[in-house]
1. When you scan region 76-99, do you find a residue that is within 27 Å of residue 146 (Cβ to Cβ) and without any contact (Cβ under 8 Å) to a residue 12 or more places away in the chain, even just one?
2. Can you tell which of 86, 23, 6 is buried (at least 21 other Cβ atoms within 10 Å of the Cβ), at pLDDT below 95 and not assigned by TED's automatic domain parsing to the domain that holds residue 131?
3. Do the conditions hold for residue 109, that is, is it over 15 Å from residue 248 (Cα atoms), surrounded by fewer than 20 Cβ atoms within 10 Å (Cβ to Cβ) and in contact with a helix residue (DSSP H, G or I) (Cβ under 8 Å, 6 or more places away or on another chain)?
4. Consider region 217-238. How many of its residues are surrounded by fewer than 20 Cβ atoms within 10 Å (Cβ to Cβ) and closer than 26 Å to residue 4 by Cα?
5. Might you let me know whether region 246-259 holds any residue that is assigned to a helix (DSSP H, G or I) and surrounded by fewer than 17 Cβ atoms within 10 Å (Cβ to Cβ)?
6. Can residue 242 be described as touching a residue at least 60 places away in the same chain (Cβ under 8 Å), over 21 Å from residue 98 (Cβ atoms) and surrounded by fewer than 15 Cβ atoms within 10 Å (Cβ to Cβ)?
7. Which is touching a strand residue (DSSP E or B) at 6+ places or on another chain (Cβ under 7 Å) and modelled with pLDDT of 90 or more, of 128, 153?
8. Read through the list (1) under 17 Å from residue 254 (Cβ atoms); (2) touching a residue at least 60 places away in the same chain (Cβ under 8 Å); (3) out of contact with any helix residue (DSSP H, G or I) (no Cβ under 6 Å at 6 or more places or on another chain), then give the number of the only condition that residue 164 fails.
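The values are calculated or read from the model by the stated rules, or taken from the named source; none is laboratory data. Note that the coordinates shown come from a computational prediction; the quantities given were computed from them, not determined experimentally. Here the Cβ is made from the backbone with ideal geometry for all residues, glycine too, and neighbour counts use every protein chain on show.
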C-alpha cells in the first residue's frame with residue numbers, strides 16, 4: 001500500500017523538501033514513524049476523502065499522528081515546495097507548454113472555516129472557490145483559494161503573480177505564458193491592459209460579441225484539470241476549518257497530478 005501511494009520517484013522528490021525531524025532537547029520520547037509511511041497515510045486521506053480517524057491501521061501511524069505531521073508539514077510549506085519541484089522536473093524535460101495557458105475557477109461546498117462565503121451558484125450556501133491557471137497540456141501552474149462569492153476576475157492578477165519561475169529545457173527559468181485564455185467572467189479592459197503590460201497576450205471572451213459555444217476550443221484543458229482535482233475527494237468538498245489546510249490538500253492534489261505526468265515522461269525516455 002505504501003509503495004503504491006508513494007512511488008519511489010515521488011519519495012525521492014519528497015525527501016528533498018521535507019524538513020528534518022525536530023529534536024527533543026531533553027531527549028526521550030517515542031520514536032517517530034517514518035516519513036514515507038506518514039506521507040502515504042496523508043495521500044490516502046487526500047485521495048479517498050476519509051476522515052483522519054478512519055485511516056486504516058495498515059499504514060502504521062494512527063489518524064491523529066498523520067494529522068499532526070500534516071499540520072507540521074503544512075506550516076513548513078512542504079506541499080507547495082513539492083509541487084514546485086515536480087514542475088521544475090517537468091520543465092527541465094520540456095514537458096510544459098507555455099504558448100497557450102488558460103484560467104478558470106470552481107466552487108465547492110464548505111461546512112465551516114475561514115475563507116468561506118455564500119455561494120451564488122448554490123443557493124447561497126457556504127462555500128469556497130479554487131482558482132487555477134493551467135498550461136497548454138493541462139498541468140496547473142498556479143493555484144489559489146478564496147470565498148465562493150469572490151468574482152473570477154479578482155483572482156486573475158494574484159494567480160499570474162503567483163506563477164513561480166520554472167526551469168526550462170534550455171535558457172532561463174520561465175514564469176509568464178505567451179497567451180492567457182479566459183471566459184467572459186474575465187472580460188474587463190483593465191485586466192487586458194494589465195496582461196499586456198506584462199507581455200502576455202489576453203484571449204478573453206467578450207460579452208455580447210463571442211458565442212459561448214466557442215469558449216471551449218482552447219479552455220477545455222483547464223476544465224479537465226478541474227475534474228482531476230475533484231478526483232481528489234478531500235478537495236471535492238471542503239471539511240477543513242483552516243484555509244491553509246484546504247490549500248495544502250489542493251497542493252497535494254496538484255503535485256500528484258503533475259507527478260503522474262512526470263512518470264509518463266520518464267517512462268517514455
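1. There is at least one residue in region 76-99 that is within 27 Å of residue 146 (Cβ to Cβ) and without any contact (Cβ under 8 Å) to a residue 12 or more places away in the chain.
2. Numbers: 86 fails: at pLDDT below 95; 23 fails: buried (at least 21 other Cβ atoms within 10 Å of the Cβ).
Residue meeting the stated conditions: 6.
3. Details: over 15 Å from residue 248 (Cα atoms): yes; surrounded by fewer than 20 Cβ atoms within 10 Å (Cβ to Cβ): yes; in contact with a helix residue (DSSP H, G or I) (Cβ under 8 Å, 6 or more places away or on another chain): no.
Here the answer is no, as residue 109 does not meet what is asked.
4. Summing the residues that are surrounded by fewer than 20 Cβ atoms within 10 Å (Cβ to Cβ) and closer than 26 Å to residue 4 by Cα in region 217-238 gives 9.
5. Of region 246-259, the ones assigned to a helix (DSSP H, G or I) are 246-259.
Keeping just the survivors that are surrounded by fewer than 17 Cβ atoms within 10 Å (Cβ to Cβ) gives none.
No, there is no match, as no residue in region 246-259 is assigned to a helix (DSSP H, G or I) and surrounded by fewer than 17 Cβ atoms within 10 Å (Cβ to Cβ).
6. yes
7. Numbers: 153 fails: touching a strand residue (DSSP E or B) at 6+ places or on another chain (Cβ under 7 Å).
Selected residue: 128, the only one of 128, 153 that is touching a strand residue (DSSP E or B) at 6+ places or on another chain (Cβ under 7 Å) and modelled with pLDDT of 90 or more.
8. It is condition (3) that residue 164 fails.
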